[in-house]
Structures are given as C-alpha cells and as structure tokens.
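Just below is one structure, and these are the notes that go with it.
The values are calculated or read from the model by the stated rules, or taken from the named source; none is laboratory data. Just so it is clear, the structure is predicted and the values come from calculations on it, not from any experiment. Cβ placement follows ideal geometry from the backbone for every residue including glycine, while neighbour counts extend to all protein chains displayed.
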Amino acid sequence: MEDHVNPYASPGESTDSAPPGTVWTERGPVIPYATARPRARWTMVFLSVILVGSLASAGASWMHLGVLQKTLDGDFHQSDIDASNLREGLIALVLLAANIGTIVSFLMWFHRAHRNLPALGAAEPRFSPGWAVGWWFIPIMNLFRPYQVAKEIWKGSDPAAIPGAPDSPWSRSSLALVRWWWFFFLLMNLAGQVGAQLGIRASSIEELLILSQVDMVISLITVLAALVTIFLVRRVTVNQDERFWRLTEGAPKPVV
C-alpha cells in the first residue's frame, strides 16, 4: 500500500536527511502513514499457533497426569512415560518457535502502530516509536510502561475521536480490551515463573503431579492471553486504517 500523510498537516519543506515522503509541519517532520496490516497478520498467525499449541499442551499435560497417576498406583510402564515425554517435548518445541515469531512480529507491529500516531493526528505522543519497543526490555519498567504505550496507541488510533465522526463501540473511552490484554500478559508471565520454579524442584511423583496440573493451568491462561492479544492487534489495526480513511475522505478504504 502506498504511504500517505496526515491531510491535516500543512505541506512544508523536505530535507535530504528526512525519510522519503516526509512532510514538514510547524511541529516538525511527520512520517507518512503506513498500514500495520502485514505485521498484524504475521502477529496473529503466530499467536494462533500459540493458541492451538497451548490447547494441545493442556491436553498433553492432562494425559501426562494420567500416566503419573498410574505410576503412583503401581501400574508403571516406561513406554507410556517415554511417549508422554516425547509428546510434551514436541509441543514445547513448536511453542518455542511460535513464541519467538510472536515476539519479533508483535514488536514490529507495536513499533509501526505507534509510529503512525502523528500521521493520524496525535498532537504530541508521550513516547517515541523506539521507546515503544525499548521499554519491553528494561526490568521493572516493563511491568507498566508497555501498558502505557498501548493506551497511547489505542487512544491515538480511535476513529471516533475525530471531530464530527460517528461514535464507535471501540472508542477511546473504553480501554477494557487493553486492560484485559495487560492483565493476562502479566498473569501468564507470573504463572510461567511459578511453573519454572516448580519444574526445577520437582523430583517425586507427587511433585510431578502438581507440576502437570500447574502446566495445564498455565496453558489455559496462555490460550486466553493469545486470544485477547489477537483481538487487540486486529482492533488497533482496523481502527488505524479506519481513522486514516476518515481523515483522507475518499482514499480507498483498507480492510484487514
């Protein structure tokens, strides 16, 4: 899709140091709008793999729980344990690859979504696109800063916030989706740390039984986290394209 600029911006002089297509306004250069749809699609694909893989992982943990319970009851079969371990290991490898893909594609989408804000009419974003990504890697700050950036993206992407625009059920007055997304993200990471600690210490059959139950809960939390994140990515992307379409008044309407 061809890049576009905020039509509300007054054209000014461009410089050789600015990116191609940059428009200069009284506030400075405005980077042209570029839809986040391609990055959103890749993010949602990887998240879908995580969702399905986590469901499979929950099922594998349930089956492993049965194998451990039979072992505890004295019905020991090494082949059953080996098969269960292999099943869980293969699912873990798929999830590892999907998680890496999700991290890369989501951060690329997050950067693009924030970079679009000035072109969508956001006066002075509090954060920069670089720091929108950078805050994720700073201890302590990554517990709340990405949530604040996400709120800024959500509000700046709202098509209903344009003066005279019709209201929308996804207006910026409703941050419920952003809040649920961050809640499940923190919960998933906390549960993962608990599971990792149990996995290091578990040695007896009884402890392995508890670990399998915890793994099952973690998988279900991950399913919910992936689902909410898919909704968030899709909604923000649709909102940004809709807002840009309303601002340009007649440009081809992008769809996701």
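Residues that are outside any helix (DSSP H, G or I) and touching a helix residue (DSSP H, G or I) at 6+ places or on another chain (Cβ under 6 Å) within the stretch 176-216 comprise just one, 202. Annotation for the stretch 143-158: at least one member residue is at pLDDT below 95, crowded, with 16+ Cβ neighbours inside 10 Å and in a loop (DSSP other than H, G, I, E, B). Taking the criterion of being small (Gly, Ala, Ser) and under 27 Å from residue 109 (Cβ atoms), the residues of the stretch 197-230 that qualify are 219, 225, 226. Give the residue that is modelled with the lowest pLDDT, with candidates limited to residues of the stretch 168-226 that are more than 30 Å from residue 239 (Cβ to Cβ) and polar (S, T, N, Q). For the stretch 168-226, the residue satisfying everything is 203.
Would you check which residues across the stretch 37-48 are of a type outside the set (S, T, N, Q) and closer than 13 Å to residue 224 by Cα and list them? 47 - this is the single residue of the stretch 37-48 that is of a type outside the set (S, T, N, Q) and closer than 13 Å to residue 224 by Cα.
Only one entry of 56, 92, 60, 98 meets the criterion of being in contact with a Lys or Arg (Cβ under 7 Å, 6 or more places away or on another chain) and assigned to a helix (DSSP H, G or I), and that entry is 60. Go through the residues of the stretch 112-123 one by one and say whether even a single one is outside any loop (DSSP other than H, G, I, E, B) and of a type in the set (Gly, Ala, Ser). Within the stretch 112-123 (the criterion being outside any loop (DSSP other than H, G, I, E, B) and of a type in the set (Gly, Ala, Ser)), the answer is yes, since at least one residue qualifies. If you go through the stretch 113-142 and pick out every residue that is of a type in the set (A, V, I, L, M), crowded, with 20+ Cβ neighbours inside 10 Å, within 26 Å of residue 188 (Cα to Cα) and free of Cβ contacts under 8 Å to residues at least 60 places away in the same chain, you end up with 1.
Answer yes if at least one residue in the stretch 196-207 is small (Gly, Ala, Ser) and in contact (Cβ under 8 Å) with a residue 12 or more places away in the chain, and no otherwise. Looking through the stretch 196-207, at least one residue is small (Gly, Ala, Ser) and in contact (Cβ under 8 Å) with a residue 12 or more places away in the chain.
Let's see how each residue does on (1) free of Cβ contacts under 8 Å to residues at least 60 places away in the same chain; (2) in a helix (DSSP H, G or I); (3) surrounded by fewer than 20 Cβ atoms within 10 Å (Cβ to Cβ); (4) of a type in the set (Gly, Ala, Ser):
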{"site": "39", "(1), (2), (3), (4)": "no, yes, no, no"}
{"site": "66", "(1), (2), (3), (4)": "yes, yes, yes, yes"}
{"site": "74", "(1), (2), (3), (4)": "yes, no, yes, yes"}
{"site": "86", "(1), (2), (3), (4)": "yes, yes, yes, no"}
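Might you check whether a residue that is of a type outside the set (Val, Ile, Thr), under 16 Å from residue 207 (Cα atoms) and out of contact with any Phe, Trp or Tyr (no Cβ under 7 Å at 6 or more places or on another chain) occurs anywhere in the stretch 50-61? Looking for residues that are of a type outside the set (Val, Ile, Thr), under 16 Å from residue 207 (Cα atoms) and out of contact with any Phe, Trp or Tyr (no Cβ under 7 Å at 6 or more places or on another chain), one finds at least one in the stretch 50-61, hence yes.
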